[in-house]
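First comes the structure, then the notes that go with it.
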Amino acid sequence: MRIIALVLACAPTAGDALLEVVTEQNSETTITIYWSTTVPADAWLEVGADTSYGSTRAGWSSEDGLEHAAVLAGLDSSATWHWRVVSVSDKAEFHSADGSFRPDGPPAALPDLVVSGEYEGFIVGTAPGADNHAVIYNGEGRPVWWRHLGDTSFGVTQARLSDDGRSVAVIVQKPYGANKSWVFRYAVAGGEPEVVELPRAHHDFVELATGGFATLVADVRTVDGYEVQGDALVEFSADGSSHMLWSVWDHESPQGVSSMMTLTSGARDWSHFNSLSAANGVYWLSSYGLGAIYTVDAETGEQIAKIGGGNPDYHRTDHVDFGPQHAPIATEAGMLLFNNGILGSASAFSEAVEYRLDHDLRTYTRLWSYDAAHSIHALMLGNVDPLPGGGHLIVWGSAGGATILDDEGQPRWEAVHPLGSTFGYAHAAAELSAIP
């Protein structure tokens, strides 16, 4: 922690005083501002590229309205940013003198994205590779927040901004079979992360309302004398205990074991589950290896349905199928997913696609899709998220790009990594927290 500024206060009347403003910097990209008032008051910041400011950031106030704080985050290093504290009581508005802050520039491993179009929010995700990072980009494609995760020997795939916008949780994993996996929770404001060990977890996680996490976990068993890696869904409670809710081994059997890909640890890669989501008491799991989506009752662990792949419970109504795929999520109509496509086939291109699920007829039917004119193939990763107010964010995974569609399905913002690097799973955020 560094105390970097004491900003003297200005008060319009003798009876209303804004006391000293203390600024702490706990990361390269954010500062936290604390101040107090002698009377109960509200609190926010005015922020801008000069002393005319131009935008505001919400703040936090104590129950008695005398202590206040705000986090200044999401600013890029292209400018020195000016800010001042504003507090309003029932008598008057008063503010601090001008303060300034210039965030550090990002590391070489996180260059600016090449962007076309406009987007006023943020993209929260990961940059997997030899020098892994969790990263937040602004709409101009500039990194405005990051955490270096080092060489994990496998990579980081998922980063999720908390619902309150105050922290970013990231799954970090060593190679399959190493049994070394964690979720790191970083406060947007900075400081040391909270670290939770989740043995054998990989690819994805969701947070439980009761605390803890649900994750995909490697479930290795011996078949015909070979170690074969399947996958399970495990819930880790806040107290450190765990419970296997569902395993693919209870519903599928591996075929052709000797020809399966051998992982670094020596296990044979079978089901290769890659993503997990939850909605309305149901888990949605994606198996890249089996080209199928599984839904599981979150309370009982019973399998509800298998969609796609061999011997599915739901059947397509047209000739266009999906798989391999990533990141299925529930929608009002049915499900939304990222279809990677099969390299070398007529359907090698990747796409975002939504299906209507008919639970009575047990069918799935395409509602819409977006494939960038068949011009992109992402061999790995990829996800698509609906945006509040309409439209979608499509993240093209290993193809190294992202697209925002408007509510009519037309691209209005596109970003490409200039080094051709991979995007991990990524998600849109309207704003970062102003609460420490």
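Please pick out the residue among Pro388, Pro418, Pro436 that is more than 30 Å from His319 (Cβ to Cβ), outside any strand (DSSP E or B) and in contact with a Leu (Cβ under 8 Å, 6 or more places away or on another chain).
Values: Pro388 fails: in contact with a Leu (Cβ under 8 Å, 6 or more places away or on another chain); Pro436 fails: in contact with a Leu (Cβ under 8 Å, 6 or more places away or on another chain).
Matching residue, one of Pro388, Pro418, Pro436: Pro418.
For residues in the stretch 19-54 being more than 27 Å from the chain's Cα centre (by Cα) and of a type in the set (Ser, Thr, Tyr), which is surrounded by the fewest Cβ atoms within 10 Å (Cβ to Cβ)?
Only one residue fits best here, namely Ser52.
Considering only the stretch 370-385, state which residues are surrounded by 15 or more Cβ atoms within 10 Å (Cβ to Cβ), in contact (Cβ under 8 Å) with a residue 24 or more places away in the chain and either small (Gly, Ala, Ser) or not in a strand (DSSP E or B) (or both).
Ala372, Ile376, His377, Ala378, Leu379, Met380, Leu381, Gly382
Name the one entry in Gly301, Gly341, Gly289, Gly266 that is in contact with a strand residue (DSSP E or B) (Cβ under 9 Å, 6 or more places away or on another chain), within 17 Å of Thr215 (Cα to Cα), assigned by TED's automatic domain parsing to the domain that holds Glu207 and not in a strand (DSSP E or B).
Gly301
State the number of residues belonging to the stretch 91-119 that are closer than 30 Å to Leu18 by Cβ and of a type in the set (Asp, Glu).
So the count comes out to 3.
Yes/no per residue for (1) touching a strand residue (DSSP E or B) at 6+ places or on another chain (Cβ under 7 Å); (2) crowded, with 17+ Cβ neighbours inside 10 Å; (3) of a type in the set (D, E, K, R):
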| site | (1), (2), (3) |
| --- | --- |
| Arg84 | yes, yes, yes |
| Phe101 | yes, yes, no |
| Ala108 | no, no, no |
| Leu113 | yes, yes, no |
| Gly125 | yes, yes, no |
| Arg142 | no, yes, yes |
| Arg147 | yes, yes, yes |
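Could we say that Gly409 is modelled with pLDDT of 90 or more, in the same structural domain as Lys306 (by TED's automatic domain parsing) and over 27 Å from Pro143 (Cβ atoms) here?
Yes, satisfied.
Can Asp16 be described as among the acidic types (Asp, Glu), at pLDDT below 90 and surrounded by fewer than 20 Cβ atoms within 10 Å (Cβ to Cβ)?
Judged against the criteria, Asp16 is a match.
Which one of these does Tyr364 not meet: (1) buried (at least 19 other Cβ atoms within 10 Å of the Cβ); (2) in a strand (DSSP E or B); (3) free of Cβ contacts under 8 Å to residues at least 40 places away in the same chain?
It is condition (3) that Tyr364 fails.
Among the residues that make up the stretch 386-399, is at least one of them under 20 Å from Ser286 (Cα atoms) and surrounded by fewer than 18 Cβ atoms within 10 Å (Cβ to Cβ)?
Yes, some residue in the stretch 386-399 is under 20 Å from Ser286 (Cα atoms) and surrounded by fewer than 18 Cβ atoms within 10 Å (Cβ to Cβ).
Does Ser77 satisfy being over 17 Å from Ile435 (Cβ atoms) and modelled with pLDDT of 90 or more?
For Ser77, the condition - over 17 Å from Ile435 (Cβ atoms) and modelled with pLDDT of 90 or more - is met.
Filter the strands (runs of 3 or more DSSP E) completely within the stretch 79-127 down to those with at least 1 residues that are farther than 27 Å from Arg160 by Cα and not hydroxyl-bearing (Ser, Thr, Tyr).
Qualifying strands (runs of 3 or more DSSP E): 81-88, 93-96, 99-101.
The values are calculated or read from the model by the stated rules, or taken from the named source; none is laboratory data. If you're wondering where the values come from, they're calculated on a predicted model, not measured in any experiment. Counting neighbours? That spans all protein chains shown, and the Cβs are built from the backbone with ideal geometry, glycine included.
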